[in-house]
Amino acid sequence: MNAGARRVAAFFGTYFAYVGLFSPYLSLWLNGRGFSPTEIGILVSPMQWARVVGPPAWGWLADHSSPRRVPRIVQWAAVAAAISATLLLLDWSFWGLFAVLCLMSFFLSGQIPIAESLALQTSKGDLGTYGRMRVWGSIGFIAAVLLAGLWFDRMGVETLPALLILALAIVAVSALALPARGAQLHDEAPVGLRLILAQPKVRLFLLASFLMLLAHAPLYTLFSLWLEQNGFTRTEIGVLWTLGVLAEIVLFQYQRPLFDRLGLTRCWVGAFWVTALRFGLIAVSGGGLFLIVIAQLLHAVTFGVHHSASMALVREWFPGQAQARGQALYTMASYGLGGSLGGMATGWIWETFSPEATFMVAVAFASLGGVVAARAAKA
C-alpha cells in the first residue's frame, strides 16, 4: 500500500476499535444498568438514527469543502464525539441517556462515509487495494473486542464509558493523518442526486440495503446479551465476535479473485441468501456452540462480501462529485433506517415472543432483500 492507503487503513483500525467496544458490549452495560431488552433496543438505536440525519449533512459538507479540509472535518467530529462521551460517566435517566447517545452518534455518523469515499479514491476502484485498507478496520475491531472481553470479566462492564472516551480520542488523532481528498475534475458535469435516484437500479439498491441492515439488527443490538443468557462469559462472547471478524479478514485479503470469478452483482445478491442462512442457524441453535461458530464464520459473506460489493456499486452508480453523498445515502438507507428501525423492533419481538423469534424475522427480511437485490441487478 502507498502512504495514503496506509493512513486510511490506520483510521479504519482506530475507528473500528471503538466499534469493537461499543457494539458488542453496550447492551451488556445497559443491561447492568437495569434496562429491559425493549429499552436496550431503543437506547442502541441512536447510533443508527444518527445515520439518517448525519451522513447527508456530513456528506454535503465534505463535497462542498476544499480537499485539504475533508480530513479536518473527520478530526473535529471525533473530538466532539469524545467530549460527548464524557457525559456517559454521569448517572442519567432513560431519556437523558438516550439524548447523550444521540449526541455522540451524530458526530460519529459521517466519519465512515467520508473515510470510505477517501478509500475508494485512494484505491481507484481496485477491490484488492480497498480490501487491504478495509481489513485494518477488522483488525482494530478484533483487538478491541478481545481485550475488552478479558477486561470486563475482571474489572466489570461498568468501565465501558471510560474506554469509549479513550478510543474516540485515538480516533481523533488518527484522523490527522488522513490524506486530502482528490480535487474534482473541472470538465466533469455536475449530476444532481434527483437524477441519480431516478434510476430504478439505484432505488432498488437502497431498498435492498435497508432490508439487509434490518435483518442484521438482532446481531448488532442484542446478540451479546443473547449469548450471555445462553451461558457464555464476556471473554467467550468476545471470542465469538472475533471469529466472525477473522473470517471477514480472510475475505478482504482474497476477495478480488472471488469478485473477478463470480461478478460484482452476483456476489452482492448471494450475500443476502447467505445472511438468511446465518440467522436461521442462530435461531435453531439453542445456544449450541457448533451452529453458532458456523453462523459466525458466515460473517465473511454477510458483511465482508456484501460491504465490498455495496461500496463498489456506490462507486459505479454515483459519479465522482457525488461520491460522499452517495456513501451518505447508502449509510442512511442501510445503517440509518434499517439499523434503527430493526433495533427498536428487535427488543419488542424479544420481549413479546422470544429471543429466537428475532432471528427468524431476520431470515424473512434477508430473503426479501435477496429478491429486491436480484431485481436491482437486472434493472
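The values are calculated or read from the model by the stated rules, or taken from the named source; none is laboratory data. Please read these numbers as outputs of a predicted model, since none were measured by experiment. All Cβ positions, even for glycine, are placed from backbone atoms using ideal geometry, and neighbour counts span all protein chains on display.
Across the range 326-334, not a single residue is classified as surrounded by fewer than 17 Cβ atoms within 10 Å (Cβ to Cβ) and part of a helix (DSSP H, G or I). For the range 354-379, a tally of residues being of a type in the set (S, T, N, Q) and either free of Cβ contacts under 8 Å to residues at least 60 places away in the same chain or in contact with a strand residue (DSSP E or B) (Cβ under 8 Å, 6 or more places away or on another chain) (or both) returns 1.
If you take the residues of the range 80-94 that are surrounded by 17 or more Cβ atoms within 10 Å (Cβ to Cβ) and touching a residue at least 40 places away in the same chain (Cβ under 8 Å), which of them is farthest from VAL53 (Cα to Cα)? Filtering first and then ranking leaves LEU88. Tell me yes or no: at least one residue of the range 363-379 is more than 19 Å from ILE282 (Cα to Cα), surrounded by fewer than 21 Cβ atoms within 10 Å (Cβ to Cβ) and touching a Lys or Arg at 6+ places or on another chain (Cβ under 6 Å). Yes - at least one qualifying residue is present in the range 363-379. Restricting the first member to the range 95-124 and to residues that are at pLDDT 85 or above, and the second to residues that are not in a helix (DSSP H, G or I), the beta-carbon pairs closer than 7 Å and six or more apart or on different chains are VAL100/TRP92. From the list PHE98, PHE94, PHE107, the one residue that fits, being under 22 Å from ALA169 (Cβ atoms) and among the aromatic types (Phe, Trp, Tyr), is PHE107. Scanning for something within 28 Å of ILE196 (Cβ to Cβ) and surrounded by 24 or more Cβ atoms within 10 Å (Cβ to Cβ), does the range 349-362 turn up at least one residue? No, there is no match, as no residue in the range 349-362 is within 28 Å of ILE196 (Cβ to Cβ) and surrounded by 24 or more Cβ atoms within 10 Å (Cβ to Cβ).
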